[in-house]
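What follows is calculated from the coordinates using simple rules that are stated; it is not laboratory data. The shown structure was predicted, so the numbers you read here are calculated from the model rather than taken from an experiment. Reconstructed Cβ throughout: ideal geometry from the backbone, glycine too, with neighbour counts over all protein chains shown.
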Amino acid sequence: MKIDLEDFHTGWFGVHVGLTSSEIQLLISRLQTLQQKRGHFHLRRSDFAGSGGVADVEFYWADDDTPKNMQIE
């Protein structure tokens with residue numbers, strides 16, 4: 001998996017996620033488990049090498065009335 005940030009130079013950032021076929025299958029499996037068990041899981045970097053970037057992405061169960069600030073397109 002490869003995750004990069006895109007700096008829009010406006011205070012806003014884009015996140016780019018590159019996945020292999022096996023990583024897509026694992027992500028689907030983790031999302032299905034999230035839907036069933038209503039917990040959470042992470043995408044996490046283990047070595048923190050380099051000058052900075054994305055260290056952790058958490059996916060968690062949100063109720064329908066949780067305020068939203070993104071949508072899936």
Where the second residue is part of a strand (DSSP E or B) and among the small types (Gly, Ala, Ser) and the first is within 23 Å of GLN71 (Cβ to Cβ) and lies in the stretch 15-44, which pairs have Cβ atoms under 9 Å and are six or more apart or on separate chains?
none
Residue check, ALA55 at negative phi and exposed (fewer than 11 other Cβ atoms within 10 Å of the Cβ):
no
Please verify whether GLU73 is free of Cβ contacts under 8 Å to residues at least 24 places away in the same chain, farther than 18 Å from LYS2 by Cβ and part of a strand (DSSP E or B), treating the condition exactly as stated.
no
Note on the stretch 46-69: residues touching a residue at least 24 places away in the same chain (Cβ under 8 Å) and within 21 Å of MET1 (Cβ to Cβ) are GLY53, VAL54, VAL57, PHE59, TYR60
Could you check the stretch 3-29 and list, in sequence order, the residues that are under 20 Å from SER46 (Cβ atoms) and either loosely packed, with under 10 Cβ neighbours inside 10 Å or touching a helix residue (DSSP H, G or I) at 6+ places or on another chain (Cβ under 7 Å) (or both)?
GLY18, LEU19, SER22
Just for strands (runs of 3 or more DSSP E) wholly inside the stretch 1-69: which have at least 1 residues that are small (Gly, Ala, Ser)?
13-18
